[in-house]
Amino acid sequence: MNAELGPNFEPSRRDFLRLALGLSGAVALGMMTGCDTMPDTTGEVQQPKGNFETKTSWEQDFSTLQDGPIDQTIWTYETDPVVPGYNQEEQGYTKNRENVRIEGGRLIIEAHREPYTYPDDPAHHYEITSGWIDTRDSFTFEYGKIEARLKLPEGKGTWPAFWMLSANNPYTSNVKWNESDERFYMHDGELDILEAYGNSPGQIEATVHTHAKSQEKRIMLPDSEDGFHTYGVEVTPTGIVWTLDGTPYYEVRKPSENPDEWPFGNGNKFYAILNLAMGGSGGGKIDSAMDTWRMEVESIKFYDFTDPR
C-alpha cells in the first residue's frame, strides 16, 4: 500500500488502525461504484442464532449521565492527524467538546464547518471538525452481542459508522508487513455494524471484511435520520448476525477454520468505534449549504455469549 513503509517495517496496533482506515476507504469506494466487494450470498435470517445473557455485562447508558465531556477512562479519542487522509476525508478529528459530548442524555458526535489545524502537525489542516471515539483501551470482546441505539445525521457528504477492529491483531502482530498485500490487515478482520452515506439517504449497510473477501448487505430504512434505531451484531463461534431493532436481517456463516476466511474467534478480540466522517471516498460531495451535522447515541450495550455446549 505504502512504499515508504520499507521492507523492515514492523507495524504497531496504531499502524494497523491506519492501514485499516486506508483499506476501508478503498472498500467503501468499491461499494459506491459496485466494485471490489462480494455480493450477499447468505440471504435473510429469520431468528437470532446465538445464546446471550439477558443482562448487559458492559454498557453506556447516556441518559443517566450529566451533560459534559465523555468519560476518558472508557472512551479513547482518535486524534492522529494522519487518519483522515487515508479515506480522503474532509474533517479533522478533535477532542473538542463541540465535536464530542454528553448532552440531554445522549452522546453527541457533531461535525462543524470550521477551520482546524492539528496542534502537533500544522501540515494537516481541514475546514471541518468532527469526532471519533472508541473502546480500544477499556473494552474488547471475542463473542457476544453489541448494540447501539442512535440517530443518523442528515445531509449530503456524511459518513457515520458504528464498527469494530481487532484490538490484539493475533494474525498480523507477529509477522512481517507485506506491502504488496493491500488487504494485509484484513487477516485480523473488520466488522462494520452500521455505515450510512448522506448521499444515499435512508440506506444502511452492514459489512464483514476478511482477508479472503468482503461481504455486505444494504437495506432501506427511510426514517434513519429522523428517529432512533438499535443497530446490533451478534458474534458467535458459528457466524455473525446483524440486527435492526432486535430483528436479524443479515447473516454470514463461518465458512471454514482458515483464519484468512474467518479470523473471528480463537482469541481475536474486537473493540467498538463510533465516528462521523465527512466527504472522502465514502461520504462523497458535502452539501455546501450546511455547516453542522449531528449523530446522536442513546446507548451502547454488550451481552455476553453463552455457549450451550
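No value in this document is a laboratory result; all are computed from the given coordinates. Source: prediction; values computed, not measured. Heads up, the Cβs are rebuilt from the backbone with ideal geometry, glycines too, and the neighbour counts pull from every protein chain shown.
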Checklist entry - Taking 1 over the mean of 1/r across every pair of different Cα atoms in the range 223-309, what Kirkwood radius in Å do you get? => result 16.4
Checklist entry - What is the set of long-range amide H partners of ASN51 at a cut-off below 5 Å, with H atoms built 1.01 Å from backbone N? => result THR306
Item to check | For PHE270, net neighbour charge (Lys/Arg +1, Asp/Glu -1) across residues whose Cβ lies under 12 Å away | outcome: -3
Item to check | For a label point 7 Å along the Cα-to-beta-carbon line of ASP304, residues of the range 134-172 with backbone N under 18 Å | outcome: 139-147
Checklist outcome for this item: Amide H proximity to GLY284 below 5 Å, modelled H, separation 5+ or other chain, gives GLY279
Checklist outcome for this item: Between TYR249 and ALA289, the two model label points (7 Å from Cα along the beta-carbon direction) sit apart by a distance in nm of 2.8
Item to check | Integer Hz, Karplus 6.51/-1.76/1.60 couplings in order for the range 253-260, x for Gly and Pro | outcome: 8, 4, x, 6, 8, 5, x, 5
Checklist entry - Sorted by average packing, counted as other Cβ atoms within 10 angstrom per residue and highest first, what order do 188-201, 215-228, 261-274 take? => result 188-201, 261-274, 215-228
Next on the checklist: Using 0.36 nm times the number of residues separating SER200 and ASP120, minus their current alpha carbon distance, what extension gain do you get?
Outcome noted: 25.3 nm
Item to check | R0 of 45 Å, Cβ-Cβ distance GLU257-ASP61: FRET efficiency to nearest 0.05 | outcome: 0.75
Checklist outcome for this item: Interchain or sequence-distant (5+) residues whose placed amide H lies within less than 5 Å of the amide H of LEU221 are GLN203, ILE204
Checklist outcome for this item: In this structure, the FRET efficiency calculated for THR73 and GLU53 from their beta-carbon separation, with R0 = 22 Å, to the nearest 0.05, is 0.40
Checklist entry - Can you flag which of LYS95/LYS145; LYS217/LYS254; LYS55/LYS254; LYS95/LYS285; LYS213/LYS285; LYS217/LYS269 are past 19 Å Cα-Cα? => result LYS95/LYS145; LYS55/LYS254; LYS95/LYS285; LYS213/LYS285; LYS217/LYS269
Checklist entry - Using 7 Å Cα-to-Cβ label points, what is the ASN174/ARG218 separation (nm, one decimal)? => result 4.0
Next on the checklist: Could you give the length gained by full extension between GLU182 and GLU142, i.e. 0.36 nm per residue of separation minus their alpha carbon distance, to one decimal place?
Outcome noted: 11.9 nm
Item to check | Per-residue HN-Hα couplings for the range 238-249 [Karplus 6.51, -1.76, 1.60; θ = phi - 60°; Hz; x = Gly/Pro] | outcome: 9, x, 10, 10, 9, 10, 10, 6, x, 9, x, 9
Next on the checklist: How large is the translational diffusion coefficient of the range 57-183 in µm² per second when you combine the Kirkwood radius over alpha carbon pairs with Stokes-Einstein at 37 °C and 0.692 mPa s?
Outcome noted: 196
Item to check | Whole-Hz couplings from phi, Karplus 6.51/-1.76/1.60, listed for the range 197-213; x for Gly and Pro | outcome: 10, x, 7, 10, x, x, 10, 10, 9, 10, 9, 10, 10, 10, 5, 6, 5
Item to check | Charged-residue dipole, Cβ positions (Lys, Arg, Asp, Glu), the range 180-278 about Cα centre, Debye nearest 20 | outcome: 220
